[in-house]
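Trainee: Provided herewith is a single structure, encoded as structure tokens, for subsequent inquiry.
The values are calculated or read from the model by the stated rules, or taken from the named source; none is laboratory data. Bear in mind the structure is a predicted one, so any value in this text is a computation, not a measurement. Ideal geometry is used to build each Cβ from the backbone, glycine not excepted, and the neighbour counts take in all protein chains shown. These area figures cover heavy atoms from the full protein model, side chains too; ligands, DNA and RNA do not enter into them. Shrake-Rupley method; radii C 1.70, N 1.55, O 1.52, S 1.80 Å.
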Amino acid sequence: MKNNSSENGSLLLLPRFRVTCTRTGKNHSFSSPEAAAKFGGGINDWFGWRVDLSNADIEVLLNIVENHVVIGVSLTKESRGKRNIVHFGPTTLKSSIAYCMLKLADIQPGDVVCDPMCGGGSIPIEAVLNWPICAHLCGDNHEMATPRTLANVQSVTGQQADKRKSLPLDIYQWNVCNLPLKSDSVDVFISDLPFGKKSGSKHENWNLYPKALEEMARVCCAGSGRAVLLTQDKRVMGQVLNKTEQWKKDLTLWINMGGLKAGLYVLSRTKK
């Protein structure tokens, strides 16, 4: 005779889960909910885990970009994308993406790290908190960007144990095409470029991108400097990088940015 009590007890020990799917691409014959349901069904069949969309113990992340699939497990109950940011702009970058961009730059102790189009400060704040023994500076030409960055810095400072200690970050209002910095003075540039949708325009990018990369090349240390730049405007970025001899493209990673396929361009400053 089957022991229902023992079987029910075993079921109670199994975790509850849900699948969250994000998808980028136009040629898929399925929707994100359909992909999540199908993958969740496979997990249920294989492990016997119970589906619970509202109170799951485990959130399985299914990320689909074109023909590539990445599967992961969420490590926190709440998204870490908004950490350290309380004052948001129209295109505020997620802190989690900012951190990944910084990791790609291979930042070394003593490096000078700069975000010349800082927006609300997601990148420089992550940089200061995680690479404290470097020199950090940032700026933007928009009149609301630098006050917003300063407000986010002050918020982070207020959460620290020693509220009197400020973050070692210099904030400027400047034009990325005419930086008030000496040549060969910055080791690493990290920036989220305007996509030309919510910020700027595709037409403006044809003028902005080549001038911005040329100015960053002037300021960046020749032969050793690096840059990690994020943009969805791959057409303009591709043409600029094909024409320049000052930057060498080492790697391009594609990520999902609110349904947009954006590129992370990892660049090296040449000796030219």
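Trainee: Among residues belonging to the stretch 62-112 that are touching a Cys at 6+ places or on another chain (Cβ under 8 Å) and not in a loop (DSSP other than H, G, I, E, B), point out the one that is surrounded by the fewest Cβ atoms within 10 Å (Cβ to Cβ).
Mentor: Asn63
Trainee: Might you let me know whether the stretch 143-164 holds any residue that is of a type in the set (A, V, I, L, M, F, W, C), more than 20 Å from Ser96 (Cα to Cα) and at pLDDT 95 or above?
Mentor: No, there is no match, as no residue in the stretch 143-164 is of a type in the set (A, V, I, L, M, F, W, C), more than 20 Å from Ser96 (Cα to Cα) and at pLDDT 95 or above.
Trainee: Here's a follow-up. Considering each of Ser95, Ser54, Ser32 in turn, give the residue that is closer than 30 Å to Pro147 by Cβ and hydroxyl-bearing (Ser, Thr, Tyr).
Mentor: One residue alone meets the criteria, Ser95.
Trainee: Another one. Which residue is modelled with the lowest pLDDT, if the candidates are limited to the stretch 165-182 and must be under 30 Å from Gly223 (Cβ atoms) and of a type outside the set (A, V, I, L, M, F, W, C)?
Mentor: Across the stretch 165-182, the extreme among qualifying residues is Pro168.
Trainee: Now a separate question. For the stretch 223-270, enumerate the residues that are of a type outside the set (A, V, I, L, M, F, W, C) and touching a Leu at 6+ places or on another chain (Cβ under 6 Å).
Mentor: Thr231, Gln232, Lys249, Tyr265 - these are the residues of the stretch 223-270 that are of a type outside the set (A, V, I, L, M, F, W, C) and touching a Leu at 6+ places or on another chain (Cβ under 6 Å).
Trainee: So which of Ser32, Ser10 is surrounded by 15 or more Cβ atoms within 10 Å (Cβ to Cβ), on the phi < 0 side of the Ramachandran plot and at pLDDT below 95?
Mentor: Unique residue meeting the criteria: Ser32.
Trainee: Does Ser185 satisfy the condition of being at pLDDT 95 or above, open to solvent by 50 Å² or more (accessible area, probe 1.4 Å) and closer than 19 Å to Ala135 by Cα?
Mentor: No: the conditions fail for Ser185.
Trainee: Has the stretch 189-207 got any residue that is open to solvent by less than 80 Å² (accessible area, probe 1.4 Å), farther than 29 Å from Gly25 by Cα and either among the basic types (Lys, Arg) or assigned to a helix (DSSP H, G or I) (or both)?
Mentor: no
Residues are listed down the side, and each one gets a yes or a no for (1) at pLDDT 95 or above; (2) part of a helix (DSSP H, G or I); (3) open to solvent by 70 Å² or more (accessible area, probe 1.4 Å):
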residue: Pro210; (1), (2), (3): yes, yes, no
residue: Glu215; (1), (2), (3): yes, yes, no
residue: Met237; (1), (2), (3): yes, yes, no
residue: Val240; (1), (2), (3): yes, yes, no
residue: Leu251; (1), (2), (3): yes, no, yes
residue: Asn256; (1), (2), (3): no, no, no
residue: Gly263; (1), (2), (3): no, no, no
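Trainee: Ok, one more. Against the definition (free of Cβ contacts under 8 Å to residues at least 60 places away in the same chain and touching a strand residue (DSSP E or B) at 6+ places or on another chain (Cβ under 6 Å)), how does Gly158 come out, yes or no?
Mentor: So Gly158 fails the test.
Trainee: Check Ala227 against each of (1) of a type in the set (A, V, I, L, M); (2) outside any strand (DSSP E or B); (3) within 20 Å of the chain's Cα centre (by Cα) and name the one condition it does not meet.
Mentor: For Ala227, the failing item is (2).
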